[in-house]
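Chemist: First the structure, which I've put down as structure tokens, then a few questions once you've had a look.
The values are calculated or read from the model by the stated rules, or taken from the named source; none is laboratory data. Keep in mind that this is a model prediction, so the values were computed, not measured. All Cβ positions, glycine included, derive from the backbone under ideal geometry; neighbour counts span all protein chains shown.
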């Protein structure tokens, strides 16, 4: 399926996380143990202890401890959230923060909010960098950060300056 260009903010499905978001993730989690959808092991964007790249296929690997997930945006994204659901249910993922978009009408949103207890809606659009390192014109979507874990107060404190933090209804 071809995605209309008007719906994409970059030519790539990769949206590299800005440093201020990574700082908030680390403030919440303490550290990042795994980036299951990493751009690179040699020069990764996310300062995680372990990185799975496209060659590793993070969907087939175990996700242990504290996870930060900025999945490849585009068709099939829901598979990443289903994987997180399974890893959390199995007890391998202790906490996770997911950067995705506010697409409340999608199956992906429903899967993600089924396991999240908090969501942060940033006050401004996140300006991602593309694979070349250049900052793009800005996304055409509203981003959100989702917290999966048992310490929501840490998420609230870490993300309060970025935007409104809401409790996800059960």
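This table checks each residue for (1) in contact (Cβ under 8 Å) with a residue 24 or more places away in the chain; (2) buried (at least 17 other Cβ atoms within 10 Å of the Cβ); (3) within 23 Å of residue 24 (Cβ to Cβ); (4) out of contact with any helix residue (DSSP H, G or I) (no Cβ under 6 Å at 6 or more places or on another chain).
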position: 81; (1), (2), (3), (4): yes, yes, yes, no
position: 87; (1), (2), (3), (4): yes, yes, yes, yes
position: 91; (1), (2), (3), (4): no, no, no, yes
position: 105; (1), (2), (3), (4): no, no, no, yes
position: 112; (1), (2), (3), (4): yes, yes, yes, no
position: 116; (1), (2), (3), (4): yes, yes, yes, yes
position: 143; (1), (2), (3), (4): yes, yes, yes, yes
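Chemist: Here's a check for you: in the stretch 18-28, which residue that is out of contact with any helix residue (DSSP H, G or I) (no Cβ under 8 Å at 6 or more places or on another chain) and either under 18 Å from residue 151 (Cα atoms) or touching a residue at least 12 places away in the same chain (Cβ under 8 Å) (or both) is surrounded by the fewest Cβ atoms within 10 Å (Cβ to Cβ)?
Modeler: 20
Chemist: Moving on. I'd like the residue in the stretch 1-36 that is within 14 Å of the chain's Cα centre (by Cα), part of a loop (DSSP other than H, G, I, E, B) and within 25 Å of residue 87 (Cβ to Cβ) and, out of all such residues, is modelled with the lowest pLDDT.
Modeler: 13
Chemist: Now for a separate question. Which of the residues spanning the stretch 37-50 are modelled with pLDDT of 95 or more and either more than 20 Å from residue 88 (Cβ to Cβ) or over 16 Å from the mean Cα position of the chain (by Cα) (or both)?
Modeler: 47, 49, listed by residue number.
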